[in-house]
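Visitor: Handing you a structure now.
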Amino acid sequence: MTPADLSRTVLEAVRRAVEDDELAAVVPARVSVRVPPRPGCGDYATNVALSLAKDGSQPALAIAEVLRRRLLAEPGIERVDVAGPGFLNIHLAGSPAARVVAEALATPVPSGPVFELRPDPDLVARLGADAARWSLLCPPGLDRDLLLVQREVNPLFLVRYAHARCRALVRNGGELGVRGVVGDVRDADPLTALLADHPRLVAARSAPRLARHLERVADAFLRWQAGCAVLPRGDEKPSAVHRARLALAEATGTVLADGLTQLGITAPAHL
(Lines give C-alpha, C1' and ligand atoms only; values in the text may rest on other atoms or scores of the structure.)
Protein backbone atom coordinates (compact mmCIF):
# COMPACT_ATOMS: atom_id res chain seq x y z
CA MET A 1 0.00 0.00 0.00
CA THR A 2 1.55 3.28 -1.13
CA PRO A 3 1.05 6.57 0.78
CA ALA A 4 -1.38 7.63 -1.95
CA ASP A 5 -3.31 4.37 -1.54
CA LEU A 6 -3.43 4.83 2.22
CA SER A 7 -4.59 8.44 1.86
CA ARG A 8 -7.48 7.28 -0.32
CA THR A 9 -8.27 4.46 2.14
CA VAL A 10 -8.49 6.89 5.07
CA LEU A 11 -10.57 9.31 3.04
CA GLU A 12 -12.98 6.53 2.11
CA ALA A 13 -13.24 5.52 5.78
CA VAL A 14 -14.21 9.11 6.61
CA ARG A 15 -16.76 9.19 3.80
CA ARG A 16 -18.41 5.93 4.88
CA ALA A 17 -18.49 7.00 8.53
CA VAL A 18 -20.25 10.24 7.55
CA GLU A 19 -22.73 8.38 5.34
CA ASP A 20 -23.49 5.98 8.23
CA ASP A 21 -24.03 8.92 10.62
CA GLU A 22 -21.11 7.90 12.83
CA LEU A 23 -19.42 11.22 12.09
CA ALA A 24 -21.04 14.62 11.77
CA ALA A 25 -18.49 16.29 9.53
CA VAL A 26 -17.82 17.59 6.05
CA VAL A 27 -15.82 15.06 4.05
CA PRO A 28 -12.50 16.71 3.10
CA ALA A 29 -11.20 16.80 -0.44
CA ARG A 30 -8.10 14.86 0.58
CA VAL A 31 -6.43 13.33 3.61
CA SER A 32 -2.73 13.77 4.35
CA VAL A 33 -0.62 10.89 5.62
CA ARG A 34 3.04 11.14 6.53
CA VAL A 35 5.88 9.10 7.94
CA PRO A 36 5.98 9.69 11.73
CA PRO A 37 9.03 11.63 12.97
CA ARG A 38 9.84 9.01 15.63
CA PRO A 39 10.34 5.23 15.31
CA GLY A 40 7.68 3.01 16.86
CA CYS A 41 4.78 5.28 15.92
CA GLY A 42 3.62 3.23 12.97
CA ASP A 43 4.44 3.31 9.30
CA TYR A 44 2.26 6.35 8.64
CA ALA A 45 0.31 8.88 10.69
CA THR A 46 -2.58 11.21 9.94
CA ASN A 47 -4.13 14.14 11.78
CA VAL A 48 -7.48 13.78 9.98
CA ALA A 49 -9.41 13.36 13.25
CA LEU A 50 -8.01 16.64 14.57
CA SER A 51 -8.98 18.38 11.32
CA LEU A 52 -12.52 17.00 11.42
CA ALA A 53 -12.92 18.07 15.05
CA LYS A 54 -12.27 21.76 14.34
CA ASP A 55 -15.98 22.52 13.89
CA GLY A 56 -16.60 21.33 17.47
CA SER A 57 -19.34 18.82 16.61
CA GLN A 58 -17.34 15.84 18.00
CA PRO A 59 -14.11 15.56 19.98
CA ALA A 60 -11.04 14.45 18.06
CA LEU A 61 -10.53 11.33 20.19
CA ALA A 62 -14.06 10.13 19.45
CA ILE A 63 -13.57 10.72 15.73
CA ALA A 64 -10.23 8.93 15.84
CA GLU A 65 -11.79 5.89 17.51
CA VAL A 66 -14.48 5.66 14.82
CA LEU A 67 -11.86 5.80 12.08
CA ARG A 68 -9.56 3.39 13.92
CA ARG A 69 -12.26 0.68 13.94
CA ARG A 70 -13.01 1.18 10.27
CA LEU A 71 -9.37 1.17 9.19
CA LEU A 72 -8.69 -2.07 11.03
CA ALA A 73 -11.10 -3.77 8.64
CA GLU A 74 -9.08 -2.69 5.61
CA PRO A 75 -6.76 -5.22 3.93
CA GLY A 76 -3.09 -4.34 4.31
CA ILE A 77 -3.56 -2.54 7.64
CA GLU A 78 -2.32 -4.50 10.63
CA ARG A 79 -2.81 -2.07 13.51
CA VAL A 80 -4.07 1.44 14.18
CA ASP A 81 -3.26 3.34 17.37
CA VAL A 82 -4.79 6.58 18.62
CA ALA A 83 -2.05 8.84 19.98
CA GLY A 84 -1.99 12.18 21.78
CA PRO A 85 -5.03 14.40 21.18
CA GLY A 86 -6.25 12.27 18.26
CA PHE A 87 -3.50 11.31 15.83
CA LEU A 88 -3.92 7.97 14.06
CA ASN A 89 -0.72 5.91 13.83
CA ILE A 90 -1.16 3.26 11.16
CA HIS A 91 0.88 0.06 11.00
CA LEU A 92 0.79 -1.73 7.65
CA ALA A 93 1.01 -5.50 7.29
CA GLY A 94 4.39 -7.01 6.42
CA SER A 95 7.95 -5.69 6.73
CA PRO A 96 8.09 -1.87 6.62
CA ALA A 97 11.41 -1.89 4.75
CA ALA A 98 10.10 -4.35 2.17
CA ARG A 99 7.00 -2.22 1.63
CA VAL A 100 9.13 0.87 1.09
CA VAL A 101 11.27 -0.93 -1.50
CA ALA A 102 8.22 -2.27 -3.34
CA GLU A 103 6.60 1.16 -3.41
CA ALA A 104 9.82 2.84 -4.61
CA LEU A 105 10.24 0.26 -7.39
CA ALA A 106 6.70 1.08 -8.51
CA THR A 107 7.51 4.80 -8.79
CA PRO A 108 6.81 5.87 -12.38
CA VAL A 109 9.76 7.90 -13.64
CA PRO A 110 8.36 10.89 -15.60
CA SER A 111 9.13 11.16 -19.29
CA GLY A 112 10.30 14.74 -18.92
CA PRO A 113 10.90 17.61 -16.49
CA VAL A 114 8.19 18.62 -14.06
CA PHE A 115 9.92 21.82 -12.89
CA GLU A 116 10.89 24.61 -15.27
CA LEU A 117 14.48 25.53 -14.45
CA ARG A 118 15.81 28.04 -16.96
CA PRO A 119 19.40 29.11 -16.36
CA ASP A 120 20.74 31.90 -18.55
CA PRO A 121 22.87 30.92 -21.59
CA ASP A 122 26.08 32.20 -20.00
CA LEU A 123 25.61 29.88 -17.05
CA VAL A 124 24.87 26.95 -19.36
CA ALA A 125 28.00 27.69 -21.38
CA ARG A 126 30.08 27.85 -18.20
CA LEU A 127 28.71 24.84 -16.32
CA GLY A 128 26.80 22.73 -18.83
CA ALA A 129 23.02 22.30 -18.90
CA ASP A 130 22.70 19.88 -15.96
CA ALA A 131 24.98 21.74 -13.57
CA ALA A 132 23.44 25.07 -14.59
CA ARG A 133 19.96 23.80 -13.68
CA TRP A 134 21.20 22.37 -10.39
CA SER A 135 22.94 25.66 -9.56
CA LEU A 136 19.54 27.37 -9.48
CA LEU A 137 18.59 25.09 -6.58
CA CYS A 138 21.76 25.47 -4.51
CA PRO A 139 21.84 27.32 -1.19
CA PRO A 140 23.02 30.95 -1.38
CA GLY A 141 26.76 31.34 -1.21
CA LEU A 142 27.68 28.03 -2.82
CA ASP A 143 30.61 28.36 -5.23
CA ARG A 144 29.05 27.30 -8.53
CA ASP A 145 32.45 26.18 -9.83
CA LEU A 146 32.17 23.35 -7.29
CA LEU A 147 29.54 21.85 -9.60
CA LEU A 148 32.30 21.12 -12.12
CA VAL A 149 34.28 18.99 -9.63
CA GLN A 150 33.93 15.25 -10.20
CA ARG A 151 34.05 14.32 -6.54
CA GLU A 152 31.49 13.76 -3.81
CA VAL A 153 31.94 17.30 -2.46
CA ASN A 154 29.91 18.30 -5.52
CA PRO A 155 26.26 17.65 -4.57
CA LEU A 156 25.18 17.07 -8.18
CA PHE A 157 28.02 14.61 -8.75
CA LEU A 158 27.08 12.86 -5.49
CA VAL A 159 23.49 12.31 -6.66
CA ARG A 160 24.40 11.27 -10.19
CA TYR A 161 27.21 9.00 -8.97
CA ALA A 162 24.86 7.28 -6.52
CA HIS A 163 22.36 6.72 -9.34
CA ALA A 164 25.06 5.30 -11.61
CA ARG A 165 26.26 3.07 -8.77
CA CYS A 166 22.72 1.71 -8.27
CA ARG A 167 22.46 0.90 -11.97
CA ALA A 168 25.91 -0.71 -11.97
CA LEU A 169 24.93 -3.01 -9.11
CA VAL A 170 21.82 -4.11 -11.01
CA ARG A 171 23.90 -4.75 -14.15
CA ASN A 172 26.54 -6.65 -12.21
CA GLY A 173 23.85 -8.67 -10.48
CA GLY A 174 22.44 -9.65 -13.87
CA GLU A 175 25.87 -10.83 -15.01
CA LEU A 176 26.09 -12.99 -11.87
CA GLY A 177 22.56 -14.31 -12.35
CA VAL A 178 21.32 -12.49 -9.25
CA ARG A 179 18.00 -10.67 -9.47
CA GLY A 180 16.69 -8.25 -6.89
CA VAL A 181 13.75 -9.60 -4.90
CA VAL A 182 11.86 -7.41 -2.45
CA GLY A 183 12.56 -8.62 1.06
CA ASP A 184 13.39 -7.49 4.58
CA VAL A 185 16.54 -5.35 4.71
CA ARG A 186 17.46 -4.79 8.34
CA ASP A 187 20.65 -2.77 7.92
CA ALA A 188 19.40 0.22 5.95
CA ASP A 189 16.97 2.14 8.16
CA PRO A 190 18.25 5.67 7.30
CA LEU A 191 18.02 4.91 3.58
CA THR A 192 14.60 3.25 3.65
CA ALA A 193 13.24 6.12 5.76
CA LEU A 194 14.35 8.58 3.08
CA LEU A 195 12.85 6.45 0.30
CA ALA A 196 9.58 6.32 2.23
CA ASP A 197 9.59 10.12 2.43
CA HIS A 198 10.10 10.59 -1.32
CA PRO A 199 6.39 10.81 -2.26
CA ARG A 200 5.86 13.56 0.34
CA LEU A 201 8.79 15.57 -1.01
CA VAL A 202 7.51 15.19 -4.56
CA ALA A 203 4.02 16.27 -3.49
CA ALA A 204 5.50 19.40 -1.86
CA ARG A 205 6.27 20.70 -5.38
CA SER A 206 9.46 22.46 -4.28
CA ALA A 207 12.45 21.95 -6.56
CA PRO A 208 15.06 23.09 -3.97
CA ARG A 209 13.60 20.76 -1.32
CA LEU A 210 13.58 17.89 -3.80
CA ALA A 211 17.23 18.55 -4.64
CA ARG A 212 18.24 18.48 -0.96
CA HIS A 213 16.24 15.28 -0.53
CA LEU A 214 18.09 13.64 -3.43
CA GLU A 215 21.40 14.61 -1.81
CA ARG A 216 20.35 12.92 1.43
CA VAL A 217 19.19 9.78 -0.42
CA ALA A 218 22.46 9.59 -2.35
CA ASP A 219 24.59 10.05 0.77
CA ALA A 220 22.60 7.44 2.73
CA PHE A 221 22.84 4.96 -0.15
CA LEU A 222 26.60 5.35 -0.60
CA ARG A 223 27.20 4.97 3.13
CA TRP A 224 24.97 1.88 3.24
CA GLN A 225 26.44 0.09 0.24
CA ALA A 226 29.99 0.82 1.41
CA GLY A 227 29.27 -1.05 4.64
CA CYS A 228 27.61 -4.19 3.31
CA ALA A 229 27.93 -6.68 0.47
CA VAL A 230 25.10 -6.04 -1.96
CA LEU A 231 26.30 -8.84 -4.25
CA PRO A 232 28.00 -12.14 -3.41
CA ARG A 233 31.80 -12.07 -3.37
CA GLY A 234 34.15 -14.71 -4.68
CA ASP A 235 32.64 -18.18 -4.41
CA GLU A 236 29.86 -16.99 -2.12
CA LYS A 237 26.42 -18.21 -3.14
CA PRO A 238 23.64 -15.66 -3.69
CA SER A 239 21.33 -15.48 -0.69
CA ALA A 240 17.97 -13.91 0.10
CA VAL A 241 19.90 -11.08 1.78
CA HIS A 242 21.79 -10.32 -1.44
CA ARG A 243 18.56 -10.31 -3.44
CA ALA A 244 16.83 -8.02 -0.96
CA ARG A 245 19.81 -5.63 -0.91
CA LEU A 246 19.90 -5.58 -4.71
CA ALA A 247 16.19 -4.74 -4.80
CA LEU A 248 16.90 -1.86 -2.40
CA ALA A 249 19.70 -0.61 -4.66
CA GLU A 250 17.37 -0.78 -7.67
CA ALA A 251 14.65 1.06 -5.74
CA THR A 252 17.13 3.78 -4.75
CA GLY A 253 18.15 4.18 -8.38
CA THR A 254 14.50 4.53 -9.36
CA VAL A 255 13.90 7.26 -6.78
CA LEU A 256 17.06 9.15 -7.79
CA ALA A 257 16.13 8.89 -11.47
CA ASP A 258 12.63 10.13 -10.69
CA GLY A 259 13.92 13.18 -8.84
CA LEU A 260 16.61 14.07 -11.37
CA THR A 261 14.20 13.71 -14.28
CA GLN A 262 11.66 15.94 -12.56
CA LEU A 263 14.37 18.59 -12.25
CA GLY A 264 15.29 18.26 -15.95
CA ILE A 265 18.70 16.75 -15.13
CA THR A 266 20.02 13.61 -16.77
CA ALA A 267 20.38 10.46 -14.67
CA PRO A 268 23.34 8.61 -16.22
CA ALA A 269 23.65 4.84 -15.95
CA HIS A 270 27.43 5.20 -16.30
CA LEU A 271 29.59 7.90 -14.74
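Visitor: Looking only at segment 162-198, which residues are open to solvent by 20 Å² or more (accessible area, probe 1.4 Å) and more than 19 Å from the chain's Cα centre (by Cα)?
Guide: Listed by number, the residues that qualify are Val170, Arg171, Asn172, Gly174, Glu175, Leu176, Gly177, Arg179.
Visitor: Tally up the residues in segment 35-54 that are at pLDDT 90 or above and in contact with a Phe, Trp or Tyr (Cβ under 8 Å, 6 or more places away or on another chain), please.
Guide: 5
Visitor: Oh, and also: Select from segment 140-156 the residues that are assigned to a loop (DSSP other than H, G, I, E, B) and hydrophobic (A, V, I, L, M, F, W, C) and list them in ascending order. Break it down into steps so the answer makes sense when it comes.
Guide: Restricting attention to segment 140-156, the residues satisfying the condition of being assigned to a loop (DSSP other than H, G, I, E, B) are 140-143, 149-154.
Listed by number, the residues that qualify are Leu142, Val149, Val153.
Visitor: If you don't mind, another one. Condition check: out of contact with any Pro (no Cβ under 6 Å at 6 or more places or on another chain), touching a residue at least 12 places away in the same chain (Cβ under 8 Å), farther than 16 Å from Ala251 by Cβ and of a type outside the set (Val, Ile, Thr). Does Arg186 satisfy that?
Guide: Values: out of contact with any Pro (no Cβ under 6 Å at 6 or more places or on another chain): yes; touching a residue at least 12 places away in the same chain (Cβ under 8 Å): yes; farther than 16 Å from Ala251 by Cβ: no; of a type outside the set (Val, Ile, Thr): yes.
When the stated conditions are applied, Arg186 does not pass them.
Visitor: In addition: When only residues in segment 117-139 that are under 26 Å from the mean Cα position of the chain (by Cα) and not in a helix (DSSP H, G or I) count, which is surrounded by the fewest Cβ atoms within 10 Å (Cβ to Cβ)?
Guide: Checking each candidate, the answer is Pro139.
Visitor: Additional query: Does segment 8-34 hold any residues that are open to solvent by less than 40 Å² (accessible area, probe 1.4 Å) and at pLDDT below 90, and which are they?
Guide: Residue satisfying the conditions is Ala25 alone.
Visitor: Scanning segment 199-210 for residues that are more than 9 Å from the chain's Cα centre (by Cα) and of a type outside the set (A, V, I, L, M), which turns out most open to solvent (accessible area, probe 1.4 Å)? Lay out the reasoning, then the answer.
Guide: Keep residues of segment 199-210 that are more than 9 Å from the chain's Cα centre (by Cα), which gives 203-210.
Within this subset, residues satisfying the condition of being of a type outside the set (A, V, I, L, M) are 205-206, 208-209.
On the way: Arg205: 140, Ser206: 28, Pro208: 60, Arg209: 113 Å².
Among residues in segment 199-210 that are more than 9 Å from the chain's Cα centre (by Cα) and of a type outside the set (A, V, I, L, M), the one most open to solvent (accessible area, probe 1.4 Å) is Arg205.
Visitor: Tell me which of these Leu92 doesn't satisfy, since it passes every other one: (1) at pLDDT 90 or above; (2) surrounded by 14 or more Cβ atoms within 10 Å (Cβ to Cβ).
Guide: The number of the failed condition is (1).
Visitor: Within segment 178-189, does at least one residue satisfy the condition of being under 30 Å from Ser32 (Cβ atoms), modelled with pLDDT of 95 or more and of a type outside the set (A, V, I, L, M)?
Guide: Narrowing segment 178-189 to residues under 30 Å from Ser32 (Cβ atoms): 182-186, 188-189.
From the residues that got through so far, the ones that are modelled with pLDDT of 95 or more too are none.
No, there is no match, as no residue in segment 178-189 is under 30 Å from Ser32 (Cβ atoms), modelled with pLDDT of 95 or more and of a type outside the set (A, V, I, L, M).
Visitor: Is segment 72-81 home to any residue that is at pLDDT below 90, surrounded by fewer than 19 Cβ atoms within 10 Å (Cβ to Cβ), closer than 30 Å to Gly253 by Cα and charged (D, E, K, R)?
Guide: So far as segment 72-81 goes, yes, one or more of its residues are at pLDDT below 90, surrounded by fewer than 19 Cβ atoms within 10 Å (Cβ to Cβ), closer than 30 Å to Gly253 by Cα and charged (D, E, K, R).
Visitor: Filtering segment 230-255 down to residues that are in a helix (DSSP H, G or I) and of a type in the set (Lys, Arg), which residue is surrounded by the most Cβ atoms within 10 Å (Cβ to Cβ)?
Guide: Looking only at segment 230-255, we keep the residues that are in a helix (DSSP H, G or I), and these are 240-255.
Imposing the further condition that a residue be of a type in the set (Lys, Arg) reduces the set to 243, 245.
Working: Arg243: 19, Arg245: 26.
Here the residue is Arg245.
Visitor: Sticking with this structure for a sec: If you go through segment 35-61 one residue at a time, how many are open to solvent by 40 Å² or more (accessible area, probe 1.4 Å) and part of a helix (DSSP H, G or I)?
Guide: So the count comes out to 5.
Visitor: Follow-up question, since we're still on this one. May I ask you to list pairs of residues, at least six apart or on different chains, whose Cβ atoms are under 6 Å apart, with the first in segment 104-117 being touching a residue at least 40 places away in the same chain (Cβ under 8 Å) and the second being not in a helix (DSSP H, G or I)?
Guide: Qualifying pairs under 6 Å: Pro113/Gly264; Phe115/Leu263; Leu117/Leu136; Leu117/Gly264.
The values are calculated or read from the model by the stated rules, or taken from the named source; none is laboratory data. It should be emphasised that the depicted structure is a prediction, and the values quoted were computed from it without experimental measurement. Quick reminder, even Gly has a Cβ in these numbers, built from the backbone with ideal geometry, and neighbours come from all protein chains shown. In case anyone asks, the SASA skips ligands and DNA or RNA and just uses the protein heavy atoms, side chains included. Shrake-Rupley method; radii C 1.70, N 1.55, O 1.52, S 1.80 Å.
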